[in-house]
Amino acid sequence: MPSSVLFEVKKDFAIRQLKDIRNSIRFPALMDRTKYSTDWMTLMAVILSARTKDSVTEEATKRLFLKFSSLEKLAAGNIKDITSLIYPVNFYKNKAKKLLSLSQILIEKYEGKPPLDFKELISLPGVGRKSANLYLSLKGKPSITVDTHVHRIANRIPWVDTNKPEDTEKVLKEIFPRDMWINVSKFLVPFGQQICRPRSPKCFLCPYSVRNSCLYRKCVGILREISQIKKDKKVAALVEKRIREFSRTFKSGERRWFVEATFCILTANTSAKMGSRAIDAIKEDMFEKDAKVLEKKLRAVGYRFPSSRARYIVENRKFLGRLKRTIISFKDPYSRREWVVKNIKGLGYKESSHFFRNVGYKDFAILDFHILDYLRRKGVINPIRKGALSRKKYLQIEKIMNKISKWSNTDLSRLDLYLWYMETGEVLR
């Protein structure tokens, strides 16, 4: 499984970026600018704020605490009254039930004062990981609250490469010293509300130290182009036709999978069209003929590496009849690919990713020279000398493609086909 860090993060620079973010925000988030008179009110406000705009939360807490000025009054309250008072916060019906239950537990078990222990907090009704961390930070305890803004920004900058908020929290705690944990969410939340918004971020207001290294900003042009090409019905139809072909291949038998693996071996360091000519030249013989026969047929169509590729094909026959069975036995896509790279002669990371896409998987980007050149022209990656694409560099660029896939809402198999069309005008196998 790959690391949760996209690039090597320089901690001193990340700290500088966080300070620049602090200086760019106009006003703090609601929880940091509103002081509630009691701890239980603070915890209730935190729960109400989940997935709700600050303005809505603010009005809801005013109505709620005006009606129920003590925890005892709330605990004895009517669920219908609580529901009507906190409407229209998101999930208001469920939150009303949680608040009533929470108020009763706080009185019975904690003498009205919420605990300051993380495990105890998340055991309370309505208090999840994010809410517990936010409450602790408001009480001055070292914690990082990863809400949608923190998770989004940390991945954009990019300080992290994560899919889950809890993973983002873990990596951020490794980057920033413990005495700065509270400040991470304290500054990123309003920064995400005011500047680095989910849609149409105000990049012109972003601090230079952040803007200049922001991966999302570098990819904005690419995301626009992908959005446009996806609207082309003719291209979209070609892409979907190819995806259906890959899905049918996934359901096919062992021999068909062996053919696809061989095709991807033959496309390495050559064109897809030459790979197609080569596979057609040997398709009747690849299962039984010796390497000399295969070499001769490859040479006849002008293939560049007839000798070595013929040997690879013959050597890979030891997996005939069990290639598909072995591959689908892996649950983790990265372990699956590592097995292929290690065991199937002629399939490196690019070729194995190509193979997986062609048999119906959607886990990996295919970093051929078209894609690398496109990313270079867009300023997303630096130029790569021929033969200088190391495993580490390949996996790093692959992570960038993963982010482009996520940000464009396009799975990697389709993304590759769209980008290939943008570069070549074709949607090939």
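The values are calculated or read from the model by the stated rules, or taken from the named source; none is laboratory data. In this text the structure is predicted, and so the values were computed from the model without any measurement. Backbone-built Cβ (ideal geometry, glycine too); neighbour counts: all protein chains shown.
A few remarks follow.
- Pair list, Cβ < 6 Å and 6+ apart or interchain, from region 359-372 residues that are over 17 Å from Val239 (Cα atoms) and assigned by TED's automatic domain parsing to the domain that holds Tyr334 to residues that are buried (at least 21 other Cβ atoms within 10 Å of the Cβ) and at pLDDT 90 or above: Leu367/Lys350
- Cross-chain or 6+ apart pairs with Cβ under 6 Å, region 181-206 first and over 16 Å from Leu18 (Cβ atoms), then basic (Lys, Arg) and modelled with pLDDT of 95 or more: Cys203/Arg211; Cys203/Arg217
- Taking (1) touching a residue at least 24 places away in the same chain (Cβ under 8 Å); (2) of a type in the set (Gly, Ala, Ser); (3) part of a helix (DSSP H, G or I) in turn, Ala237 satisfies each apart from (1).
- The listed residues are Ser200, Ser123, Ser101, and the only one of them that is surrounded by fewer than 20 Cβ atoms within 10 Å (Cβ to Cβ), among the small types (Gly, Ala, Ser) and in the same structural domain as Asp12 (by TED's automatic domain parsing) turns out to be Ser200.
- Elements of type helices (runs of 4 or more DSSP H) in region 167-231, at least 3 residues being at pLDDT 95 or above and touching a Pro at 6+ places or on another chain (Cβ under 7 Å): 181-194
Yes/no matrix, rows are residues, columns are (1) over 17 Å from Pro125 (Cβ atoms); (2) among the hydroxyl-bearing types (Ser, Thr, Tyr); (3) outside the structural domain of Lys202 (by TED's automatic domain parsing):
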residue	(1), (2), (3)
Lys10	yes, no, no
Leu18	yes, no, no
Asp32	yes, no, yes
Met41	no, no, yes
Ala45	no, no, yes
Leu48	no, no, yes
Arg51	no, no, yes
Thr57	yes, yes, yes
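- Highlighted here are the helices (runs of 4 or more DSSP H) found entirely within region 25-97 that include at least 2 residues which are under 30 Å from Val210 (Cα atoms): 30-33, 39-49, 54-67.
- Within this structure, Val293 passes the test of being surrounded by fewer than 17 Cβ atoms within 10 Å (Cβ to Cβ), modelled with pLDDT of 95 or more and farther than 27 Å from Ile400 by Cα.
- Listed by position, the helices (runs of 4 or more DSSP H) inside region 295-407 whose residues that are closer than 30 Å to Lys283 by Cα and among the β-branched types (Val, Ile, Thr) number at least 1 are 306-316, 323-328, 333-343, 369-377.
- Of all the listed residues (Tyr394, Tyr361), the sole one being at pLDDT 95 or above, of a type in the set (Ser, Thr, Tyr) and surrounded by fewer than 21 Cβ atoms within 10 Å (Cβ to Cβ) is Tyr361.
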